[in-house]
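Input: a single structure, listed below in structure tokens.
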Amino acid sequence: MREGKSARRRRWLWRWRSNPLRRHDDIVEAWLVLAVWTLVVLGGAVAGLVTAHAADEVFARQRAERHPVRAVLLADTPASTLATWGRGDRAWATVRWTAPDGTTRTGRTLVGTDLAAGASVTIWQDQHGGLTDRPTDRTEASLEAGFVGAGAALALTGAVVGAGAVVRWRLDRRRIDEWGREWALVGPRWGHKTG
């Protein structure tokens, strides 16, 4: 037999219903659970969206500030490398390039392997002419921003649920202590059995 909507609603809202056995801690717990769920759903969504938007702005700023420039390789690069960080088709090498202010600079950056000295390579520089990494393209930036936003939402969710669990645990401890005190008053009266 199917349960009616009003019966389900009453059961779901049992903490707010009038009941002679309802304690103040039950009301506090009901509001706590509602607040935790509201913060998880709304706060998690807002935190995720705000963080993702901020990360996307950082990636967009990097794309605007970093520019490719041609540089000259000053030494040969090895034919292949063992990839400990990243891909094995890149090697550290010293290069020379012209900064935006017209000065010639040298520095070390990752370039392709198996290149001879004097080869022309593309490097990335920041707005001041310093070496930097290639900026994240739009697709990668969107994915990374999404992951960062999801991480922020999960972090907020974990913090809120954890704090809610601690408060509920404290309420349970308080209820158990209260029951112990009440039993200490009532228990001795029930200790005498007839018979």
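The values are calculated or read from the model by the stated rules, or taken from the named source; none is laboratory data. Everything numeric in this text was worked out from a predicted model, so none of it was measured. Positions of Cβ are backbone-derived with ideal geometry, glycine not excepted, and every protein chain shown enters the neighbour counts. These area figures cover heavy atoms from the full protein model, side chains too; ligands, DNA and RNA do not enter into them. Shrake-Rupley method; radii C 1.70, N 1.55, O 1.52, S 1.80 Å.
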Explain nothing, just the number: dipole magnitude of segment 22-141 about its Cα centre with +1 on each Lys and Arg Cβ and -1 on each Asp and Glu Cβ, in debye rounded to the nearest 20. 320 debye
Rg/Rh over Cα atoms for segment 107-195, Kirkwood Rh, comes to 1.60
Suppose accessible area is computed on protein heavy atoms with a 1.4 Å probe; arrange 185, 143, 131 from highest to lowest. 185, 143, 131
Report the extension gain between residue 54 and residue 170 in nm, rounded to one decimal, defined as 0.36 nm multiplied by the number of residues separating them, less their alpha carbon distance. 38.1 nm
Could you pull the Rg and Dmax for segment 29-152, using just the Cα atoms, both in Å? 21.4, 73
Give me the number: length gained by fully extending residue 30 to residue 178, i.e. 0.36 nm times residue separation minus the C-alpha to C-alpha distance, one decimal in nm. 51.4 nm
Given the whole protein assembly as supplied and a 1.4 Å probe, what does the accessible area of residue 128 come to in Å², nearest 10? 130 Å²
Accessible heavy-atom area order of 58, 40, highest first, probe of 1.4 Å: 58, 40
